[in-house]
Structure formats: C-alpha cells, structure tokens
Amino acid sequence: MSERADITEANKWFRGEHKVIRITMEDATNLTTFALQWVVQHPGSSVDLLTKSSADGGITVEDDGANVGAVAVIEVETEDTMLLDARTYHHALWRVDPGVEQILSEGSALLQNAARLGVEGS
C-alpha cells in the first residue's frame, strides 16, 4: 500500500533550483535493497516529465534516525525543472525490482516560480 507524501508550498521547491527531496516511509519500510524510481507527471497523465532512479544515482537511501533505510533522497538538478511550468504536478516513488513494481509513495508536487536572472517565466 502506498503512502501519501505531498510536496507543498512549505517544501519550497522552485523552478531552476537544485533541490534534495526526502520521502520518509512512515511504515519504516527499509528501501536499501530496492531498485527505486521517482516520476513527476501532469495529474491524470501517463507521460513522465521528470524521472530519477537509484540505478543512475538520482535516488539514494538513508536512515531516519530510528529506522534503517526508511528515507528516499531524491536529487533534483537545476536543469531538471528549467523547462517545467510552475504548477502542481503528481509524483510517485516506485519500487521497480524485476517482477515487483509497486508504488511506495505518491502525492501532489507544487513546483513554484521564483525570480531569477536568466530563468524564463520567473
């Protein structure tokens, strides 16, 4: 069963910003042995606008202090969001091991605009 993890205004995720997003598994699932993929899509769409995976180093796993391997750490690079509009998207963290494809966490993801020299639309 997947957990709800919204990225809200309080998370301060901005276009054109290098951002580390942490998703903590509240049920203390140990992610250390899982192949992980994170996707961002328009709500209701099946087109991936942004993807990260543990296979390419875009996702690592860390402890949350009490539970081993319970936090997925997603590294979003500056260029990953430069061409995306500031708006609310849908995101999901998947386990993608052979024979086991499972949504671990999903929710809305608010990508905000911020004034920045050289960033179109800011």
Normalised by the empirical 2.2 N^0.38 Å for globular proteins, what value does the Cα Rg of the chain take? 1.05
Give the distance, in whole Å, between the Cα centre of region 43-91 and the Cα centre of region 12-32. 7 Å
Given contacts defined as C-alpha pairs under 8 Å and at least six residues apart, what's the relative contact order of the chain, whole-number percent? 36 percent
Between residue 84 and residue 64, what's the calculated FRET efficiency when r is the beta-carbon distance and R0 is 30 Å? Round to 0.05. 0.55
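Every number in this text was worked out from the coordinates using simple rules, so none of it is lab data. Everything numeric in this text was worked out from a predicted model, so none of it was measured. FYI the Cβ positions are ideal-geometry reconstructions off the backbone, even for glycines, and counts take in every protein chain you see.
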